[in-house]
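What follows is a set of notes on a single structure, which appears directly below.
The values are calculated or read from the model by the stated rules, or taken from the named source; none is laboratory data. Since the model is a prediction, treat every value here as computed from it, not as a measurement. As a convention, Cβ positions derive from the backbone with ideal geometry for all residues, glycine included, and neighbour counts pool all protein chains shown. Just so you know, the surface numbers come from the protein's heavy atoms only, side chains and all, with ligands and any DNA or RNA stripped out. Shrake-Rupley method; radii C 1.70, N 1.55, O 1.52, S 1.80 Å.
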Amino acid sequence: MSSDLPDPLCQAALEARSQAHAPYSQFMVGAALQTASGHISPGCNLENRSYGLTNCAERVALGNAVAAGHRDFQAIAIASSGGVLPCGACRQVLLEFCPQLTIFLIDVDKQVNDVGYVQTVELADLLPGGPTP
């Protein structure tokens, strides 16, 4: 991983992924949200047999951070097979708190280093013209 990527943030997302509850899809996702002060809140996906009740890792991480009193976010790392982008619901919820969020997508299948292939995108580019607070 290059020196400008947030190693602790990516590691936290990978660790959270290992705790995912994905008995139906077997698609494990971990996320870690970093505040402007450096605090990292992890989250993992929590599947339910009623898929509509499933919680995505990104929203779990955000919920953990907000419950701990944090509101000022700068980056999120998301670890998954394929390095997938956040779903539409997660994009909307993240946009509510942090329209300028940097997203690090970790593809755990591509081991180009000890983390995996990391791609960087900006939330504002994923939801252009989206509603902001």
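Evaluation of GLN19 against the conditions (1) modelled with pLDDT under 95; (2) within 23 Å of VAL118 (Cβ to Cβ); (3) in a loop (DSSP other than H, G, I, E, B) shows that the sole unmet condition is (1).
Cβ-Cβ distances below 8 Å connect the following pairs, each with a first residue in segment 67-91 that is more than 22 Å from GLY129 (Cα to Cα), a second residue that is open to solvent by less than 40 Å² (accessible area, probe 1.4 Å) and of a type in the set (Phe, Trp, Tyr), and a separation of six or more residues or different chains: ALA77/PHE104; ILE78/PHE104. Going through (1) within 28 Å of LYS110 (Cβ to Cβ); (2) under 15 Å from the mean Cα position of the chain (by Cα); (3) free of Cβ contacts under 8 Å to residues at least 24 places away in the same chain one by one, LEU62 falls short only on (3). Which condition number in (1) modelled with pLDDT under 95; (2) open to solvent by less than 20 Å² (accessible area, probe 1.4 Å); (3) closer than 22 Å to LEU127 by Cα is the one that CYS10 fails? Result: CYS10 fails condition (3) only.
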